[in-house]
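Single-structure report; data block below.
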Amino acid sequence: DDNDFSGFLPTEMANMVSMERLSLNGNFLSGFVSDIGFENMVNLTDLWLHTNYFSGTIPTEWGLLRELNELRVDVNVMNE
């Protein structure tokens, strides 16, 4: 949180299928959330991407994340 990270998230993150909690909020990260492949991270329980510069829409494939309890994407430049 609030690490001043900037740039794009690598698509290789999608290979981290054992990840349960990912908190990247409060940075300067950008890019389309649909390009990252979070839907492959089937063990995610919490995904915090808020307060960044992500764009695009939430992919329908994220609905397959059955373990996901909390999703925060507010305060970005995403489409409705």
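The values are calculated or read from the model by the stated rules, or taken from the named source; none is laboratory data. Quantities reported herein were computed from a predicted structural model and do not represent experimental measurements. All Cβ positions, glycine included, derive from the backbone under ideal geometry; neighbour counts span all protein chains shown.
The figures follow:
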quantity	calculated
Flag if Ser30 is under 12 Å from Asn76 (Cβ atoms) and surrounded by fewer than 17 Cβ atoms within 10 Å (Cβ to Cβ)	yes
Single match in Asn79, Asn25 (criterion: of a type outside the set (D, E, K, R) and within 22 Å of Phe5 (Cα to Cα))	Asn25
Residue within region 43-51 that is on the phi > 0 side of the Ramachandran plot and buried (at least 16 other Cβ atoms within 10 Å of the Cβ) present	yes
Test: residue in region 7-15 that is of a type in the set (A, V, I, L, M), modelled with pLDDT under 95, within 18 Å of Val77 (Cα to Cα) and in contact with a Pro (Cβ under 8 Å, 6 or more places away or on another chain)	no
Residues of region 56-71 satisfying the condition of being under 20 Å from Glu12 (Cβ atoms) and either in a strand (DSSP E or B) or touching a Pro at 6+ places or on another chain (Cβ under 7 Å) (or both)	Gly56
Filtered residues of region 19-55 (kept if out of contact with any Leu (no Cβ under 8 Å at 6 or more places or on another chain), assigned to a loop (DSSP other than H, G, I, E, B) and modelled with pLDDT of 95 or more)	Gly26, Asn27, Asn43, His50, Thr51
Residue under evaluation Asp1, criteria (1) part of a loop (DSSP other than H, G, I, E, B); (2) in contact with a Gly (Cβ under 7 Å, 6 or more places away or on another chain); (3) surrounded by 14 or more Cβ atoms within 10 Å (Cβ to Cβ), criterion not met	(3)
Looking only at region 56-70, and only at residues there that are modelled with pLDDT of 95 or more and under 27 Å from Asp4 (Cβ atoms), the one that is surrounded by the most Cβ atoms within 10 Å (Cβ to Cβ)	Leu68
